[in-house]
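What follows is calculated from the coordinates using simple rules that are stated; it is not laboratory data. Everything numeric in this text was worked out from a predicted model, so none of it was measured. Using ideal geometry, Cβ is built from the backbone for each residue, glycine included, and neighbour counts are taken over all protein chains shown.
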Amino acid sequence: MEFSTQTTASLHQIKTAALAVGVFTDGILSAAADIIDRASNGAVREALKSEFHAKAGTHLVLRNLPGISAARVILIGLGQHDRYNAATHANAEFTFAHYCVQANLAEGVTALASIECADASVRNRAQAAAVAVGRATYHYDATFGKRDRNPAPRLKKFALSISRNQASHTQQGLKNGAAIAHGMHLTRELGDLPANICTPTYLGNTAKKLAKEFKSIKAEVLDRKQIEALKMGSFLSVARGSYEAPAFIIIKHVPASARASDKGRKAPIVLVGKGVTFDAGGISLKPAGNMDEMKYDMCGAASVLGTLRAVAELDLDQEVIGLIPTCENLPSGRANKPGDVVTSMSGQTIEILNTDAEGRLILCDALTYAERFKPAAVIDIATLTGACIVALGHVNSGLFSKNDVLAESLLAAGRDANDVAWRLPLEDAYQEQLHSNFADIANIGGPPAGSVTAACFLSRFTGNYPWAHLDIAGTAWRSGKEKGATGRPVPLLVQYLLNQA
Ligand code: BES
Ligand code: MN
Ligand code: ZN
């Protein structure tokens, strides 16, 4: 995608296939819509009087307007003017980008990012526009036999119309947004790929490919023997149930400054991603309905890879380390059985009361491994609990942390990047639900507060650094007709890292 900027003054003279301008329900026109209205003898106000109500999420196509060089003007409804905010703007950009893709256009110009709103700077708005274009142009074709039935979008050029003094901020935002979009494309494709292709080995190869592509990235993939040598007994107990080889992926982004010298090197930020490439539940087998969707149980891992891709593209001045324990969770004659006790890398023993609570079993050893980096912060990302979908639905990711500063930075990053999270509790009072009569800790805490007790389990392995946990079971994936991976929470994570660097 080629992004560029244009100045708003001569909007009516811009030659393009489609030009988007925003209008509000209260009959208020954005500055750009007003320019088009005047140059076209009132065509915009006319449309608002008759057929277009400007509700958020709607659009109207006006072709061949007199006095206008663009082939089509797309009126984008923005809802009520006094309610206009960053989320409405991001959705509006998506409405337009999606229209361009559906209409099979090769280019478009949007004037939406020039509209002021209280909770997003022009840089954030430009970033949101680039991310929206990325969302609209994602194209999955890896596993279709007849690819011509599913042609790739033609959209190649996308310009933001802004005022002259906004140009440099806009370009910054577009650059960040494009990197986020590329990261999300990678994350979505990994999530969408079936589990017979996207195996632990495939995730390892993806990390190695990123290391070839970006000089700031180093990748190392440990095999079963090496994982055994590390004494990751909890992770290995899950992996043992499948013929598929497990892997422990270590992927690093080392910025130019740290490559040049070790002096004044800042502590790294570690991202830990759950990489269960298929979760059948193990001996505590899941019901058959919709079990196909459990191929997305590696979306934590995929978001770590997508985030590393984005920070490498931006050559962010912050060291970032991704850790990915990855395996399948299947029932077999060698699988974990309810009641089994395993020993984690930390030395703590775990009674496995439900083999379907496997995410925490593989993450805990990665969290112990993270200690060696003396990290500034560790954030794990996991499709960890169905209970998180019950609590927060598909809007917010669940955020857990005992560290208020870290939690606030992640929440703020989510708001800035239009990829929101909501904080849930993590008090010690919940810890007693994890009591076991036969081991240091049980791997489940009963039905009440299932997402909280899952986070409590992880917290037992994170005493030595600031830590936060993101439960993305509800946000990483869409079910139904639009079934597929969303690329979340790559925007939140990249925004957080941008804010730290
Ligand atoms: N991968 C699942 C969580 C999940 C469920 C993600 C639905 C996305 C959609 C996880 O491994 C799991 O099975 N969790 C169990 C935990 C329970 C056994 C305590 C769950 O949520 O049912
Ligand atoms: Mn499970
Ligand atoms: Zn799982």
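Taking interchain pairs and intrachain pairs at least six residues apart, which have beta carbon atoms under 9 angstrom, with the first residue in segment 256-277 and in contact (Cβ under 8 Å) with a residue 40 or more places away in the chain and the second exposed (fewer than 11 other Cβ atoms within 10 Å of the Cβ)?
Short answer, once both residue conditions are applied: 257/264.
Out of the residues in segment 429-481 meeting the condition of being in contact with a helix residue (DSSP H, G or I) (Cβ under 9 Å, 6 or more places away or on another chain), away from ligand 1 (no atom under 11 Å from the Cβ) and part of a strand (DSSP E or B), tell me which one is nearest to residue 299 (Cα to Cα).
470
Restricting to segment 435-453, what's the tally of residues that are touching a Gly at 6+ places or on another chain (Cβ under 7 Å) and either in contact (Cβ under 8 Å) with a residue 40 or more places away in the chain or hydrophobic (A, V, I, L, M, F, W, C) (or both)? Talk me through it step by step, then tell me what you get.
Going residue by residue through segment 435-453, those that are touching a Gly at 6+ places or on another chain (Cβ under 7 Å) are 451, 453.
Still in the running and either in contact (Cβ under 8 Å) with a residue 40 or more places away in the chain or hydrophobic (A, V, I, L, M, F, W, C) (or both): 451.
The qualifying residues number 1.
Please indicate, with yes or no, whether at least one residue in segment 457-470 is under 16 Å from the mean Cα position of the chain (by Cα), away from ligand 2 (no atom under 16 Å from the Cβ) and over 23 Å from residue 356 (Cα atoms).
Scanning segment 457-470 turns up no residue that is under 16 Å from the mean Cα position of the chain (by Cα), away from ligand 2 (no atom under 16 Å from the Cβ) and over 23 Å from residue 356 (Cα atoms).
Only one residue in 178, 167, 142, 159 is surrounded by 15 or more Cβ atoms within 10 Å (Cβ to Cβ), in contact with a helix residue (DSSP H, G or I) (Cβ under 8 Å, 6 or more places away or on another chain) and among the hydrophobic types (A, V, I, L, M, F, W, C), so which one is that?
Numbers: 167 fails: in contact with a helix residue (DSSP H, G or I) (Cβ under 8 Å, 6 or more places away or on another chain); 142 fails: surrounded by 15 or more Cβ atoms within 10 Å (Cβ to Cβ); 159 fails: in contact with a helix residue (DSSP H, G or I) (Cβ under 8 Å, 6 or more places away or on another chain).
Within the list 178, 167, 142, 159, the selection yields 178.
Report yes if residue 350 is within 13 Å of ligand 1 (Cβ to nearest atom) and touching a residue at least 40 places away in the same chain (Cβ under 8 Å), otherwise no. Walk me through it before giving the result.
On the way: within 13 Å of ligand 1 (Cβ to nearest atom): no; touching a residue at least 40 places away in the same chain (Cβ under 8 Å): yes.
No; evaluated as a whole, the condition is false for this residue.
For segment 62-92, name all the residues that are in contact with a Cys (Cβ under 7 Å, 6 or more places away or on another chain) and either at positive phi or buried (at least 18 other Cβ atoms within 10 Å of the Cβ) (or both). Full working, then the answer.
Of all residues in segment 62-92, those in contact with a Cys (Cβ under 7 Å, 6 or more places away or on another chain) come to 84-86, 89.
Passing the criteria: 84, 86, 89.
Taking segment 241-291 as the region of interest, how many residues are away from ligand 2 (no atom under 16 Å from the Cβ) and aromatic (Phe, Trp, Tyr)?
Adding up the residues that qualify gives 2.
List the pairs whose first member sits in segment 145-168 and is β-branched (Val, Ile, Thr), whose second member is assigned to a strand (DSSP E or B), and whose Cβ atoms are under 8 Å apart, counting only residues at least 6 apart or on separate chains?
From residues that are β-branched (Val, Ile, Thr), the pairs are 162/5; 162/6; 162/7.
If you go through segment 174-181 one residue at a time, do you hit one that is touching a residue at least 60 places away in the same chain (Cβ under 8 Å), under 20 Å from residue 89 (Cα atoms) and basic (Lys, Arg)?
The answer is yes; a qualifying residue exists.
Can you name the strands (runs of 3 or more DSSP E) wholly within segment 305-404 that have at least 1 residues being closer than 17 Å to residue 269 by Cβ and within 16 Å of ligand 2 (Cβ to nearest atom)?
Working: elements: 320-329, 340-343, 349-352, 377-382, 397-401.
Ranges flagged: 377-382.
Just checking, does segment 100-112 include any residue being over 22 Å from the mean Cα position of the chain (by Cα), within 23 Å of residue 488 (Cα to Cα) and β-branched (Val, Ile, Thr)?
no
Given the conditions (1) crowded, with 16+ Cβ neighbours inside 10 Å; (2) assigned to a strand (DSSP E or B), report the number of the one that residue 422 does not fulfil.
Only one criterion is unmet by residue 422, namely (1).
Collect the residues in segment 295-304 that are within 15 Å of ligand 2 (Cβ to nearest atom) and either without any contact (Cβ under 8 Å) to a residue 40 or more places away in the chain or hydroxyl-bearing (Ser, Thr, Tyr) (or both), keeping them in residue-number order. Lay out the reasoning, then the answer.
Of segment 295-304, the ones within 15 Å of ligand 2 (Cβ to nearest atom) are 295-301.
The answer is 296, and nothing else.
Conditions (1) surrounded by 14 or more Cβ atoms within 10 Å (Cβ to Cβ); (2) away from ligand 3 (no atom under 11 Å from the Cβ), marked per residue:
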position	(1), (2)
253	yes, yes
261	no, yes
268	yes, yes
279	yes, no
282	yes, no
288	no, yes
297	yes, no
300	yes, no
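Scan segment 81-114 for residues that are over 18 Å from residue 126 (Cα atoms) and not in a helix (DSSP H, G or I) and jot them down. Spell out how you get there, then give the answer.
Kept after step one, since they are over 18 Å from residue 126 (Cα atoms), are these residues of segment 81-114: 81-83, 99, 101-106.
Once the filter is applied, which keeps residues that are over 18 Å from residue 126 (Cα atoms) and not in a helix (DSSP H, G or I), segment 81-114 yields 103, 104, 105, 106.
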